[in-house]
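What follows is a set of notes on a single structure, which appears directly below.
Read-outs: derived from the displayed coordinates by stated rules, not from any lab. A quick note: this is a predicted structure, and the numbers were derived from the prediction, not measured. Here Cβ is always computed from backbone atoms with ideal geometry, including for glycine, and neighbour counts include all displayed protein chains.
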Amino acid sequence: MHYIKNKYNIKTSQVTSKKNFINRRKVISGLMTSLLTLNNINVVLANSKNKMFSNIIERPLTTFKTLSKYNNFFEFGTSKEIWKQAQKLNINNWEIDVYGSNSLKNKIDIDEIYKRFVLEERIYKFRCVEAWSMVVPWEGFQLSKLIKHLEPKSDTRYVEFETFLRPDEANNQKQNWYPWPYKEIITIEEAMHPLSFLATGIYGQNLPKQNGAPIRLVLPWKYGFKSIKSISKITFSNKKSKSFWESIAPKEYGFWANVNPKISHPRWSQEYEKDIETGEKHPTKIFNGYSEFVTALYPNLEDRSIFY
Ligand code: MTE
């Protein structure tokens with residue numbers, strides 16, 4: 001990621017017209033209803049709170065095909081076409097190890113997660129630090145629910161997430177100059193925020209492996225690299241350690257990574273983004289459009305470091 005230059009020429013910014021947007025929303029709800037009937041899965045259609053979150057979106061959904069064929073998953077390679085390689089990942093009997101909890105339980109497996117948490121749909125905008133974006137109908141549940149269940153120690157300030165370490169399945173993990181496993185860290189306040197989401201599916205189906213099966217984080221107001229895939233370990237900690245990308249290039253991929261069009265990446269502008277479905281360029285919004293929900297997390301917005 002850190003060596004990809006911004007290859008997008010920005011000519012115009014095009015915003016979906018209100019009429020198209022409304023038509024599209026009809027299509028979306030029709031689509032979701034048919035998926036529900038088809039799969040009979042435990043998805044609660046967007047409740048009023050979720051609608052509020054999706055009201056900021058004025059773009060069509062990115063199609064399943066695009067979402068599952070254009071990915072960043074460095075464990076399987078550095079190109080966007082890793083979906084075939086990712087099929088090697090064995091997601092049977094998936095467990096998440098838990099550290100820093102008050103509970104005696106130090107693991108939770110995916111079956112228990114499915115039993116314990118009711119899945120809901122969230123349509124979120126997703127903005128990659130590489131200046132592309134998409135609109136995704138995720139399924140899953142609020143991260144705060146899992147955190148409450150896991151009973152973090154009272155001095156917890158940070159929540160760390162790690163991806164598996166399996167070089168036999170994920171070929172690029174044989175490249176030992178990367179600080180594997182992939183790791184991301186957020187504050188406990190960010191983790192408890194209602195927007196912070198654990199996704200187990202897209203479009204009414206289980207997450208494709210290339211999208212981070214069986215469970216991944218989604219933090220829509222931050223650059224996409226914070227949304228760690230295929231989580232296999234969660235640590236509650238009172239000290240901040242270094243994430244995967246922060247260890248590689250701290251000036252380019254810092255801890256906060258909150259989306260801000262005014263703060264350029266050292267090698268490209270963040271003012272515009274390219275929708276990977278339509279190819280249209282759109283002006284980037286602060287906090288990826290979610291500022292009304294998340295600014296309270298950051299009392300000192302003058303502090304530019306909260307955007308790195
Ligand atoms: N998680 C892991 N474990 N490995 C990765 O390489 N890439 C990140 C994030 N989570 C990544 C990851 C980046 S840079 C982005 S933009 C998103 O996943 C891409 O998610 P997608 O492939 O579902 O679009």
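I'd like to compare 117-123, 193-199: which one has the highest average count of other Cβ atoms within 10 Å, and what's the full order after that?
My ranking of the peptides, most packed first, is 193-199, 117-123.
Once you have the alpha carbon radius of gyration of segment 61-307, what is it after dividing by 2.2 N^0.38 Å, with N set to its residue count?
0.96
Give the residue from LEU150, PRO250, ALA191 lying farthest towards the positive end of the charge dipole for segment 132-263; charges sit on Cβ (+1 for Lys and Arg, -1 for Asp and Glu) and the dipole is referred to the Cα centre.
The residue sitting farthest along the positive end of the dipole is PRO250.
PRO220: net charge of surrounding residues, Cβ under 9 Å, Lys/Arg +1, Asp/Glu -1, itself excluded?
+4
Could you give the nm distance between label points at TYR114 and LEU297, where each point is 7 Å from its Cα heading toward the beta carbon?
2.9 nm
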